[in-house]
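Accompanying notes for the structure given below.
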Amino acid sequence: MQQAHSKRNVVLPGTKLVWQMCKRLNAKHAADFGALSLVVKRKQPFTKEILHALLISTDKGALRSFTG
């Protein structure tokens, strides 16, 4: 991945910066909508099969069978 980006002169941010931004965005969202809005409301547990489907999916409807 890094080689593909370097060929195109794309500079990726460091993981520390990404982590800080994620924390800031989560804090802003929690301040705007409340901390309970960050709690996932799922009918079934998050399984390895769902994770696998998310990772390989190119279709928005690929998880239809997992969402009930």
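Using 0.36 nm per residue of separation minus the Cα-Cα distance, give me the extension gain between Arg24 and Lys7 in nm, one decimal.
Numbers: separation 17, 0.36 × 17 = 6.12 nm, distance 3.10 nm.
Length gained between Arg24 and Lys7: 3.0 nm.
Considering only DSSP states other than H, G, I, E and B, which chymotrypsin sites (Phe, Trp or Tyr not before Pro) in region 1-47 qualify as loop sites with at most 12 other Cβ atoms within 10 Å?
Details: sites: Trp19, Phe33, Phe46; in loops: Phe46.
Within region 1-47, the qualifying chymotrypsin sites (Phe, Trp or Tyr not before Pro) (loop, at most 12 other Cβ atoms within 10 Å) are Phe46.
Tally Lys and Arg at +1 and Asp and Glu at -1 over the other residues with C-beta under 12 Å from the C-beta of Leu17: what net charge comes out?
Values: positive: Lys16, Lys23, Arg24; negative: none.
After counting each charged neighbour, the total is +3.
Bear in mind that the values in this text are calculations on the coordinates, not laboratory data. Remember, it's a predicted structure, so these values are computed and weren't measured experimentally. A quick note on method: Cβ atoms are made from the backbone with ideal geometry, for glycine too, and the neighbour counts reach across all protein chains shown.
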